[in-house]
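No lab work stands behind these numbers, since they all come straight from the coordinates. Since the model is a prediction, treat every value here as computed from it, not as a measurement. All Cβ positions, even for glycine, are placed from backbone atoms using ideal geometry, and neighbour counts span all protein chains on display.
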Amino acid sequence: MARFRGRGMASVNYPIGMNLGGDPSQALIHSNPDGKFTVALSAIDLGQGMKQVTRQVAAETLGVPIEDVYVDTADSDTGPHDMGSFASRGTHRMGNAVIAAAREARGVLLEAAAEELEVNAADLVTDGRGNIHVKGAPSRSITVRATAQAAQFKQGKTIAGRGIFLIPLSSVDAETGEMNPNTAFAHACLVADVEVDDETGDVTVLGMSSAYELGRVINPRMVEQQLVGGAWMGISHALYETPEPYYPNPDHGPRDFNEYLMPGPGDIAPYSITILERPAPDGPFGGKGPGEMCANPVLPAIANAVYNAVGVRVNDLPITPEKILRGIRANGGAKPQARRGGAL
Amino acid sequence: MAKVPMQFRLNGSDRAAFADPADNLLTVLRRGLNEFGPKYGCGQGTCGTCSVLIDGELHLACLTLAAACEGASIETVSGMADGPNLHPLQNAFMEHFAAQCGFCTPGMLIAAKALLDRNPNPSREEVIDAIAGNICRCTGYEPIIQAILSAARVSPAQRRS
Ligand code: FES
Ligand code: FES
C-alpha cells in the first residue's frame with residue numbers, strides 16, 4: 001500500500017510529411033483591387049495554425065503588412081490541389097508552396113509598380129508597410145494599393161502567383177532497400193515523472209519536461225501551445241483512451257464521453273518546454289513544424305516512468321490500472337527500479 | 001407533432017420560434033433561430049460545448065427542453081461581446097492561445113462567464129471545477145485555465161456583466 005515515484009525518458013526523430021507517391025502542395029495568390037492579397041490553399045486549418053503561418057510566410061515574401069493577407073483554405077473542390085493537413089506536413093510543404101506563389105506575385109507587383117513609376121522593376125523595394133519605392137530614394141514611391149489598382153484598371157495585369165512544392169516519390173532500391181523518403185527531420189526528448197499507487201494501479205503524472213528541435217519557429221506562441229496541447233493528448237493516449245477497455249469483449253466498450261476516458265482539466269501536469277531552432281535547409285524560412293510529434297514521446301516516456309516506479313513493463317496502450325495491478329501481482333509486488341538524475 | 005410557438009430573450013433581444021414541443025434548446029437555437037454560437041458536440045450532456053446561460057445559470061442546451069425556456073433570458077457566446085469590444089474573457093482567451101480548433105470555446109467561455117459572474121476572484125481549483133464539464137481536445141486545458149484566471153484579474157468595473 002504505497003505510492004512509488006518513477007522517471008521515464010523518450011526521444012523521437014520525427015520525419016516531416018510523407019512520401020507515398022510523392023508529396024506535393026500547391027498555393028495560389030492574387031491581389032485584390034484594394035491592394036490586399038488572397039492566398040488560396042486546399043489544406044485545412046484544424047486549429048494547428050496553418051492560416052497564421054501562411055499569412056506570415058506570404059506577407060514576409062510579398063513584402064506587405066500581415067494584415068493585408070487573407071487566407072482561404074475552405075474548399076478542395078475549387079482550391080489548388082493539396083495532399084492535406086496531416087503527417088505534420090503543413091508548415092513545411094504548404095509554407096514552401098506559399099513562398100513560391102508569393103515570389104511570383106511579388107515579381108508582377110514590382111513590374112506593375114515600375115510601369116507606374118517609370119523605373120526598372122529591379123530597382124524597386126518594398127517597405128513591408130504597404131509601399132514600394134526606388135532603392136535609395138524613398139520619395140519615389142507608390143503604395144501597393146495604388147499599384148494593384150493601376151494593374152487592374154490601367155495596365156490590364158493580374159498580380160498573381162502560382163506555387164508548388166513537391167517532395168518527389170523516392171523509390172526503394174531493389175538491391176539495398178534504401179530510399180530517401182524525407183528531407184526534414186524534427187527531434188525531441190521528453191522526461192516524465194509519475195507516481196504509481198500499488199494498491200489501485202492509478203498513475204499520476206507529476207510533471208514533464210521536454211526539448212523540441214523544430215527548425216525555425218515561425219510563430220513561437222502557437223508552437224508552444226501546440227506542444228502543450230499535444231502533450232495532453234500524449235498523456236491521454238498513454239493512460240486513458242481506448243475504445244476497448246475490456247477487450248476481448250467490445251460489447252462493454254465506451255459509447256460516449258462518460259465512458260471514453262480522457263484527462264480533464266484537473267488531471268494535467270506541469271510541463272516545461274525548451275525549444276531549439278536548427279533551421280531546415282529546405283524549410284520555409286527554415287521551418288519544420290511540430291504536429292504529431294507533440295504527443296509522440298509522451299507515450300514511451302510515461303511507459304518507462306511506470307516501469308521505473310514499480311517495475312511493470314506495459315506493452316499495450318493505454319496503461320490502465322488493471323494492467324499495472326496484474327503486472328505487480330505477476331512480479332510478486334512492486335519492484336522500483338534504479339533511477340539516475342536526482343530526486344523527483 | 002404540431003409545432004408550438006415559444007418566446008424568450010436571446011442575448012438581449014426578444015425572439016420567437018415555432019418548434020416541436022419535444023425539441024431541445026440547442027436545436028431551437030441552431031436550427032430555428034440561426035444562433036450558431038452554442039455547438040452540437042455530443043447531444044447528450046457529456047461535452048459542454050452547447051453551454052448557455054438561462055436566467056444567468058449555466059445549462060447544457062442539448063439537455064434543456066426549449067419549451068421550458070418560455071419567457072427566460074438566454075445568453076450564448078454570441079452575446080458576450082459589447083459591439084466591437086470583446087468581453088475580457090474573450091480577450092484573455094486570445095492572449096493565452098486558449099483556442100485551437102475552437103469547437104469547445106463557446107462552451108468554455110460561457111462556463112467561465114458563469115463562474116466569474118458569481119465568483120469574481122476564483123482560485124485555480126475553482127476554475128478547474130467550473131470547466132470540468134467541458135471537454136477540450138486541443139489545448140490541454142492549461143491555457144484555458146490561465147486565460148480565465150487572468151480575466152478574473154481584470155477589475156470587475158472593466159468587466160461587463
Ligand atoms: S452537445 Fe450538449 S453537452 Fe455535448
Ligand atoms: S480548442 Fe479544440 S476542442 Fe478546445
Orientation-averaged projected area, Cα convex hull of the protein assembly as shown (nm²): 33.0
Apply 1/(1 + (r/R0)^6) to the Cβ-Cβ distance of A:ASN32 and B:VAL154, taking R0 = 45 Å, and write down the FRET efficiency to the nearest 0.05. 0.75
What is the fewest-to-most order of A:THR158, A:THR242 by other Cβ atoms lying within 10 Å of their Cβ? A:THR158, A:THR242
Looking only at B:GLY41, B:GLY83, B:GLY12, which one moves most when chain B is put into a Gaussian network model with springs between Cα atoms under 10 Å? B:GLY83
Shielding by other protein chains, A:263-270, mean Cβ within 10 Å: 6
Taking A:LYS154 as the anchor, which aspartates and glutamates have their alpha carbon closer than 20 Å to its alpha carbon, excluding any fewer than eight residues away along the same chain? A:ASP34, A:GLU111, A:GLU115, A:GLU116, A:GLU118
Separation of alpha-carbon centers, the range A:252-285 and the range A:185-235, rounded to whole Å: 7
Whole-angstrom gap from the range A:1-68 to the range B:58-81, using each part's C-alpha centre: 37
Shape box of the range A:20-165 [Cα atoms, principal axes, largest first, Å]: 49, 27, 25
Taking only the alpha-carbon atoms of the range B:4-78, the convex hull volume per residue, in cubic angstrom, is 72
Projected label distance in nm at A:PHE257 and B:ASN121, using a 7 Å step from Cα toward the beta-carbon: 3.2
Between B:LEU33 and A:LEU166, what is the label-to-label distance in nm when each label sits 7 Å out along the Cα-to-Cβ direction? 5.4
Treating cross-link reach as a plain straight distance, find the lysines whose alpha-carbon is under 30 Å from the alpha-carbon of A:LYS157, omitting any fewer than eight places away in the same chain. A:LYS36, A:LYS51, A:LYS135
Using only C-alpha positions, report the orientation-averaged shadow area of the convex hull of the range B:88-159, nm², one decimal. 4.0
Relative to the longest principal axis of chain B, what angle (0 to 90°, nearest 10) does the C-alpha long axis of helix B:142-153 take? 80
For chain B, alpha-carbon Rg relative to the globular expectation (2.2 N^0.38 Å, N residues): 1.02
From Cα pairs below 8 angstrom and at least 6 apart in sequence, can you work out the relative contact order of chain A, rounded to a whole percent? 25
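Quick one: order A:PHE4, A:PHE86, B:PHE93 by neighbouring beta-carbon count within 10 Å, fewest to most.
Ranking A:PHE4, A:PHE86, B:PHE93 by Cβ neighbours within 10 Å, fewest first, gives A:PHE86, A:PHE4, B:PHE93.
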Of the DSSP H helices in chain A, the ones reaching 30 Å or more along their long axis in Cα terms and averaging at least 0.0 in Kyte-Doolittle hydropathy are A:95-117
Please compute the modelled spin-label separation between B:GLU70 and A:MET1, points set 7 Å along Cα→Cβ, answer in nm with one decimal. 5.8
Please average, across the residues of B:41-49, the number of beta carbons from any other chain that are within 10 Å of each residue's own beta carbon, and give a whole number. 2
Rounded to the nearest 20 debye, what is the charge dipole size of chain B about its Cα centre when +1 sits on each Lys and Arg Cβ and -1 on each Asp and Glu Cβ? 260
Treat every Asp and Glu Cβ in the protein assembly as shown as -1 and every Lys and Arg Cβ as +1, leave all other atoms uncharged, and give the resulting dipole magnitude about the Cα centre to the nearest 20 debye. 760
Cα-based reach from B:LYS3 at 12 Å (exclusive), listing aspartates and glutamates while leaving out same-chain residues under 8 positions away: B:ASP20, B:ASP23
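Calculated FRET efficiency, A:GLN52 and A:ASP173, Cβ-Cβ r, R0 51 Å, to nearest 0.05? Walk me through the intermediate numbers first.
Numbers: r = 40 Å, r/R0 = 0.78.
According to the calculation, E is roughly 0.80.
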Only counting other Cβ atoms within 10 Å, I'd like A:VAL119, A:VAL310, B:VAL77 sorted with the fewest neighbours first. A:VAL119, B:VAL77, A:VAL310
GNM on chain A, C-alpha springs below 10 Å: top fluctuator among A:LEU28, A:LEU299, A:LEU169? A:LEU169
